[in-house]
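Report on the structure given below.
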Amino acid sequence: MSTATLTIDLDALGQNWRALDAKSAAGVETAAVVKADGYGLGAARVARQLAAAGARRFFVAVAEEGAAVRQALGPGPEINVFSGHMAGDTEMIGDLELTPMVNSLEQLTRHMEALSGAPFGIQLDSGMNRLGMEPAEWAAVRDIALAQNPTLVMSHLACADEPDHAANAAQLAAFREMTDGIEAPRSLSATGGILLGPDYHFDVTRPGIGLYGGAPFDDAAPVAQISIPVVQVRNLAAGETVGYGCTWVAEKPSRIATLSAGYADGLIRAMSGRATFWHGDTPCPIAGRVSMDLLTVDITHLDEIPKTLDILGPHQTVDDLADAAGTIGYEILTSLGPRYSRRTKEGHL
């Protein structure tokens, strides 16, 4: 087989949800964010596993993602759509019983006129300046909106992954000012907010990246492993170069493995010359530039020619790899392309 293998540890996924659920009080509901095709790992399999772990409320980015999750889960679980009630989504929202998190007076009006009585939530802007009603707009429609019994009133933290950032306390204060005294359930925290402590938990938390093994949840069990097959191995003399631009030059006689993956598979070009592969417990550095379908690795120091090398696994987390590429774990996971042979692992915990 010439394609790389992406192994998804479903038990670890469920373990991470339970661990994050345990960080809030018994009366706080822990939902699950499964947008971007379950952070690149497959929304259907991810949502089913999280439902088995105990999640009954899910979040997606757009209605089309909600349709895929509804198909996977069937009726019952609540599926919330962060982008709200967009023009053209009415039929899908109504037929599939999705819950839009309305972001503006325009969306609120659209929902009340098109799907009167259908569930909806409200998203407020507490300082991120991205989605949600700002305080003045919320003040103008608050009584009307709350009279319709929204299922959730939420906002989103901009700097929750930096516990000491002043924006966290400022957004918490703004959210409280906009929502204290309402009867609707409230939600402010994704993974980072959960870790900030109970002041940020309110009624519902929405873990995302922490479910999939990413920072800032340092205790997360790794969920994704990637093994890439070796296509060819060649011996180089000192002074020979490897790959586009001749950026890697052999300083001594070297052995180079060519692997069947590249930036089309989410192993982004910025990893060139910086990322590390693993053969068991032995690190093997990338040699030269990552190209679209291939990359090259220095295996001079190995005693054997490997059939595969790992880039995600026990020795290298998604955030380790992201650091090498100058990005974040979210981008690594959500960039994984369609060519991987996706396998699941479960039943070992």
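The values are calculated or read from the model by the stated rules, or taken from the named source; none is laboratory data. This one's a predicted model, so the numbers in the text were calculated from it and none came from an experiment. All Cβ positions, even for glycine, are placed from backbone atoms using ideal geometry, and neighbour counts span all protein chains on display. Note: areas computed on protein heavy atoms with side chains; ligands, DNA, RNA excluded. Shrake-Rupley method; radii C 1.70, N 1.55, O 1.52, S 1.80 Å.
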Each residue of the range 313-330 in turn: what ³J(HN,Hα) in whole Hz from Karplus with 6.51, -1.76, 1.60 and θ = phi - 60°, glycine and Pro shown as x?
-> x, x, 9, 8, 7, 5, 7, 4, 5, 4, 4, 5, 9, x, 9, 10, x, 3
Non-local amide H neighbours of residue 236 (under 5 Å, H modeled in plane, Pro and chain starts lacking H): which ones?
-> 254, 255, 256
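Can you send over the carbon and sulfur percentage of the accessible area for the chain, probe radius 1.4 Å, protein chains only? If you can, show how the numbers build up before the last one.
On the way: 7610 of 15410 Å².
Its accessible area is 49 percent carbon and sulfur atoms.
The chain: D in µm²/s via Stokes-Einstein (Kirkwood Rh, Cα pairs, 20 °C, 1.002 mPa s)?
On the way: Rh = 21.8 Å.
Answer, rounded: 98 µm²/s.
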Find the Cα radius of gyration of the range 61-139, compare it with 2.2 N^0.38 Å by division, and give the number to two decimals.
-> 1.08
Accessible area of the range 62-142 divided out per residue, in Å², using a probe of 1.4 angstrom | 45 Å²
Against the longest alpha carbon principal axis of the chain, how many degrees, from 0 to 90 and to the nearest 10, is the axis of helix 166-179 turned?
-> 30 degrees
On the full set of protein chains, 1.4 Å probe, figure out the accessible area of residue 95 and give it in Å² to the nearest 10.
-> 110 Å²
Cα extents of the range 40-89 along the three principal axes, largest first (Å) | 34, 22, 16
To the nearest 10 degrees, how steep is helix 105-114 against the longest Cα principal axis of the chain, on a 0 to 90 scale?
-> 70 degrees
Quote the relative contact order of the chain in percent (integer), defining contacts as alpha-carbon pairs under 8 Å separated by 6+ residues.
-> 19 percent
Give me the distance between the Cα centres of the range 47-120 and the range 241-270, rounded to whole Å.
-> 44 Å
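What does the extension gain come out to for residue 270 and residue 19, with contour length at 0.36 nm per residue minus their alpha carbon separation? Write down the numbers at each step before the final one.
Details: separation 251, 0.36 × 251 = 90.36 nm, distance 3.29 nm.
Working it through step by step, the gained length comes to 87.1 nm.
Scanning the chain for GluC sites (Glu not before Pro) in DSSP loops with at most 12 other Cβ atoms within 10 Å, what's the longest stretch left with none?
Numbers: sites that count: 183, 251, 304.
Formally, the longest exposed-site-free interval is 1-182.
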Estimated vicinal HN-Hα couplings, Hz - the range 336-346 in sequence order (Karplus 6.51, -1.76, 1.60; Gly, Pro = x) | 4, x, x, 7, 5, 7, 8, 10, 10, 10, 7
Cα pairs beyond 11 Å in the range 1-41, in percent, come to 73 percent
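In the range 129-235, which trypsin sites (Lys or Arg not before Pro) are in a loop and have at most 10 other Cβ atoms within 10 Å, using DSSP for the loop call? The partial results should precede the final answer.
Numbers: sites: 130, 142, 176, 186, 234; in loops: 130.
Sites meeting the loop and neighbour criteria: 130.
I need the Kirkwood Rh of the range 1-121: take the reciprocal of the average 1/r across all distinct C-alpha pairs and report it in angstrom.
Working: mean 1/r = 0.0656 Å⁻¹.
Taking the inverse mean of 1/r over all distinct Cα pairs, the range 1-121 comes out at 15.2 Å.
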